[in-house]
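The values are calculated or read from the model by the stated rules, or taken from the named source; none is laboratory data. Predicted model only: the values in this text are computed from it and were never measured. All Cβ positions, glycine included, derive from the backbone under ideal geometry; neighbour counts span all protein chains shown. Just so you know, the surface numbers come from the protein's heavy atoms only, side chains and all, with ligands and any DNA or RNA stripped out. Shrake-Rupley method; radii C 1.70, N 1.55, O 1.52, S 1.80 Å.
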Amino acid sequence: MKIAIIGGGASGLCCAISSAEKAKAIGAKAEIVIYEAKDRVGKKILATGNGRCNMLNMGATADDYSSPSFVRAVLSRFSADYPRHFFEGIGLYTRQDEEGRVYPLSNQATSVLDVLRMECERLGVKTVCEGEWRDSCS
């Protein structure tokens, strides 16, 4: 199976990791490629939380978003602990401040990007940067 992920930001990298893990779990051979328009994946991660990477907020509720009904449905399936467990599973430990914001234990956004990139590499995910995605079906 071939999986193309458009965008190599935090979500794209996490999607690639999850896809590779699912394929492996069911014994499927998958070619997973992240297509990123910039010169490298994950650049925006480095700017989040003033370089510390505010990964999530444990106190956030559906009413904090512009589409609370959509967010409520998502939060009913996945708690805020889900991303923390995901990152812990790939070797990144986190800490929570007094206001519920979660940061990497190192307090550096580079730690987040590094573990995502290393896990993608370990799982055989390929990246194509500075390219233009063209749908091969059209």
What number goes with the only condition from (1) under 26 Å from residue 23 (Cα atoms); (2) at pLDDT 95 or above that residue 94 does not pass? (1)
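Looking only at the range 1-19, which residues are open to solvent by less than 70 Å² (accessible area, probe 1.4 Å), polar (S, T, N, Q) and out of contact with any strand residue (DSSP E or B) (no Cβ under 8 Å at 6 or more places or on another chain)? Please lay out each step first, then the result.
In the first step, residues of the range 1-19 are kept if they are open to solvent by less than 70 Å² (accessible area, probe 1.4 Å); the result is 3-5, 7-10, 12-19.
Next cut, polar (S, T, N, Q) only: 18-19.
Matches in the range 1-19: 18 only.
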Filtering the range 51-85 down to residues that are surrounded by 14 or more Cβ atoms within 10 Å (Cβ to Cβ) and part of a helix (DSSP H, G or I) yields 62, 71, 75, 83, 84
Name the residues in the range 108-137 that are open to solvent by less than 70 Å² (accessible area, probe 1.4 Å), in a loop (DSSP other than H, G, I, E, B) and modelled with pLDDT of 95 or more, would you? 123, 124, 125
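Go through 65, 35 for me and flag whichever is of a type in the set (Ser, Thr, Tyr) and either under 29 Å from residue 126 (Cβ atoms) or in contact with a Gly (Cβ under 9 Å, 6 or more places away or on another chain) (or both).
Details: 65 fails: either under 29 Å from residue 126 (Cβ atoms) or in contact with a Gly (Cβ under 9 Å, 6 or more places away or on another chain) (or both).
Only one candidate qualifies: 35.
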Can you tell me which of 22, 44, 38 is assigned to a loop (DSSP other than H, G, I, E, B), closer than 22 Å to residue 9 by Cα, open to solvent by 90 Å² or more (accessible area, probe 1.4 Å) and out of contact with any Leu (no Cβ under 8 Å at 6 or more places or on another chain)? 38
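Any residue that is part of a helix (DSSP H, G or I) and more than 14 Å from the chain's Cα centre (by Cα) - is there at least one of those in the range 94-105?
For the range 94-105, residues part of a helix (DSSP H, G or I) and more than 14 Å from the chain's Cα centre (by Cα): absent.
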Would you check which residues across the range 86-101 are open to solvent by less than 50 Å² (accessible area, probe 1.4 Å) and free of Cβ contacts under 8 Å to residues at least 24 places away in the same chain and list them? 92, 97
